[in-house]
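Undergrad: Here it is: the structure, laid out below.
The values are calculated or read from the model by the stated rules, or taken from the named source; none is laboratory data. This is a predicted model, so every value here is computed, not measured. Heads up, the Cβs are rebuilt from the backbone with ideal geometry, glycines too, and the neighbour counts pull from every protein chain shown.
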Amino acid sequence: MKHRIDLHLHTNCSDGLSTPLELLEMVRRRKLAAFAVTDHDTLAGYLELRSLLGEGDPELIPGLELSCRSGNGELHMLAYLFDPDTEPLRVALADFQNKRNERGREMVQKLNEMGIEINYDDVLEVAGSAAVGRPHVAEALYRRKAVASYDDAFRRYISNRGPAYVPKQSFAPAEAITLIHNAGGVTVLAHPMIDGAVDRIEELVALGLDGVEVLHPDHKQNETQKLKEMAARFRLVWTGGSDFHGRGGRCGSVGSEAVPIECLHELKKRASQRQALQKRGSV
Ligand code: AMP
Ligand code: ZN
Ligand code: FE
Ligand code: FE
């Protein structure tokens, strides 16, 4: 296991259920060589984990999963190896979080207009320090007994076509890629087989995409093969991870995908190349 890594993990700083410390304990038990916390649009989980690491712990890679616009839908862009203390990145993420909280308020308002008794504080209580998202609204509705289950909340109110749905703030793919490159990092298209993101690879490569997530619990074996071929064709680094969220459904357990450490070596090479290019560009 010492040479295995997991480059796609969530904590309760976004929509996962585990605290950063609980996640670290799982990573230690799995004896991973390296890992990346890739919470949605926030560095809070990463920053907390960074402060928890001790001697002999696996290597923690700076990570993010950025929500990007894609036609009428969304695609997810993983980011790695950037400098997490870069000011423009911090500002962009803070702005994003503020807008997400505003959106949470709007969804609560729509639910109230439909006669459902829920207030924004109920949602905040579920979200804790995480930016408000639909999973928190769903859980709050369930706790209030306004719905029969978490899934029922989506079915009745907040699915993409639901009556209380409000679209989410997201980055343009070019904006996300530039933000990360300027912070010295690299970008990887997350789970390309979800929502047809794979069809946009060529376009994203032209924008500077560095890699593609090949190993993911949602990918079938023939899809994994196809994605590996695409990575080679477009000279992309291939990566993978469990997309662990701590709840069932479409995610694995910590370290569940057999991602070799060589993927990380390739990502690091790519990041150094990018940084050299950035430096040349700025003189
Ligand atoms: P948000 O980013 O706030 O729009 O929330 C998106 C998250 O809500 C997804 O990552 C899923 O965890 C969850 N979600 C979205 N649609 C559904 C659905 N139809 N049923 C259950 N969960 C969903
Ligand atoms: Zn998630
Ligand atoms: Fe995702
Ligand atoms: Fe994810």
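Undergrad: Given the conditions (1) more than 16 Å from ligand 3 (Cβ to nearest atom); (2) β-branched (Val, Ile, Thr); (3) surrounded by 14 or more Cβ atoms within 10 Å (Cβ to Cβ), report the number of the one that Val91 does not fulfil.
TA: (3)
Undergrad: Considering (1) assigned to a helix (DSSP H, G or I); (2) surrounded by fewer than 18 Cβ atoms within 10 Å (Cβ to Cβ), say which one Asp85 fails and leave the rest.
TA: All conditions are met except number (1).
Undergrad: Let me ask something else about it. Can you pull out the residues in the stretch 105-137 that are crowded, with 16+ Cβ neighbours inside 10 Å, farther than 26 Å from Gly45 by Cα and not aliphatic (A, V, I, L, M)?
TA: Lys110, the sole residue that qualifies.
Undergrad: Checking Leu60 against (1) out of contact with any Cys (no Cβ under 7 Å at 6 or more places or on another chain); (2) crowded, with 21+ Cβ neighbours inside 10 Å; (3) modelled with pLDDT of 95 or more: exactly one of these is not met. Which one?
TA: The one condition Leu60 does not meet is (2).
Undergrad: Another question, then. For Gly73, work out the one condition from (1) at negative phi; (2) within 14 Å of ligand 1 (Cβ to nearest atom); (3) surrounded by 17 or more Cβ atoms within 10 Å (Cβ to Cβ) it doesn't fulfil.
TA: Only one criterion in (1) at negative phi; (2) within 14 Å of ligand 1 (Cβ to nearest atom); (3) surrounded by 17 or more Cβ atoms within 10 Å (Cβ to Cβ) is unmet by Gly73, namely (3).
Undergrad: If a residue must be within 11 Å of ligand 1 (Cβ to nearest atom) and more than 13 Å from Lys110 (Cα to Cα), how many such residues does the stretch 136-155 contain?
TA: Step one: list which residues in the stretch 136-155 are within 11 Å of ligand 1 (Cβ to nearest atom), which gives 136-139, 149-155.
So of that shortlist, the ones also more than 13 Å from Lys110 (Cα to Cα) come out as 136, 138-139, 149-155.
Here the count works out to 10.
Undergrad: So, of the residues in the stretch 14-26 that are surrounded by 22 or more Cβ atoms within 10 Å (Cβ to Cβ) and within 14 Å of ligand 1 (Cβ to nearest atom), which turns out to be nearest to the chain's Cα centre (by Cα)?
TA: Per the criteria, the residue is Ser14.
Undergrad: Scan the stretch 163-177 residue by residue and report those that are under 30 Å from Met114 (Cα atoms), out of contact with any helix residue (DSSP H, G or I) (no Cβ under 7 Å at 6 or more places or on another chain) and away from ligand 4 (no atom under 16 Å from the Cβ).
TA: Pro167, the sole residue that qualifies.
Undergrad: Please enumerate the residues belonging to the stretch 17-40 that are assigned to a loop (DSSP other than H, G, I, E, B), within 16 Å of ligand 4 (Cβ to nearest atom) and more than 24 Å from Trp238 (Cβ to Cβ). So that I can check it myself, show each step before the final result.
TA: Step one: filter the stretch 17-40 for residues assigned to a loop (DSSP other than H, G, I, E, B), giving 17-19, 30-33, 38-39.
Then keep just the ones that are within 16 Å of ligand 4 (Cβ to nearest atom); that gives 17-18, 38-39.
If the condition is that a residue be assigned to a loop (DSSP other than H, G, I, E, B), within 16 Å of ligand 4 (Cβ to nearest atom) and more than 24 Å from Trp238 (Cβ to Cβ), then Leu17, Ser18 are the ones that fit.
Undergrad: Here is a follow-up. Determine which single condition Leu207 fails, assuming it passes every other condition in (1) crowded, with 23+ Cβ neighbours inside 10 Å; (2) of a type in the set (A, V, I, L, M, F, W, C); (3) under 24 Å from Ala92 (Cβ atoms).
TA: Checking Leu207 against (1) crowded, with 23+ Cβ neighbours inside 10 Å; (2) of a type in the set (A, V, I, L, M, F, W, C); (3) under 24 Å from Ala92 (Cβ atoms), the one that fails is (1).
Undergrad: Of all residues in the stretch 27-53, which are surrounded by fewer than 19 Cβ atoms within 10 Å (Cβ to Cβ) and of a type outside the set (Gly, Ala, Ser)?
TA: Arg28, Arg29, Arg30, Lys31, Leu47, Glu48, Arg50, Leu52, Leu53
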